[in-house]
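Bear in mind that the values in this text are calculations on the coordinates, not laboratory data. In this text, all values refer to a predicted model and were calculated from it rather than measured experimentally. Please note: Cβ atoms are built from the backbone with ideal geometry, for glycine as well, and neighbour counts cover all protein chains shown.
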Amino acid sequence: MILNKIKKNYSLLISSLLILYFLFNILDGDRGLLSYYEKRLELDNLVIKEKKILNKNMNLEHKNSLLNEKLDLDFIEILIRDKFIFGKSGEKIYMIEKNEK
């Protein structure tokens with residue numbers, strides 16, 4: 001009795017199993033839709049991280065170019081004040097130049 005019903009609906013059973021199989025593989029799996037969105041999100045995060053690293057690299061290259069053979073004394077003063085905490089905020093700075101005659 002059950003075998004007769006299965007034989008009559010054999011094509012329907014096979015078709016529904018194939019459809020379920022393909023739907024499962026489309027949604028889940030290494031090349032599935034969910035995996036695509038996860039990889040897309042990871043790619044976007046990596047692109048943002050790459051932009052940050054490139055900006056940091058350009059900033060360091062600019063600072064390095066200021067420290068070449070021809071020194072930028074203003075930049076060196078800024079570095080000394082930042083690194084060695086030379087001077088205080090709100091202070092008045094007077095520069096005394098030595099006049100040689």
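Annotations for the structure displayed:
- Straight Cα distances below 16 angstrom link Lys63 to the aspartates and glutamates Asp72, Asp74, Glu77, Asp82, with same-chain residues fewer than 8 positions distant left out.
- Signed unit charges on C-beta, dipole axis of segment 13-94, positive-most listed residue Leu43, Met58, Leu71: Leu71
- Ranked from largest, the principal axis spans of the Cα set of segment 2-84 equal 95, 23, 10 Å.
- A straight Cα-to-Cα reach below 25 Å connects Lys92 with the lysines Lys83, residues fewer than 8 places away in its own chain not being considered.
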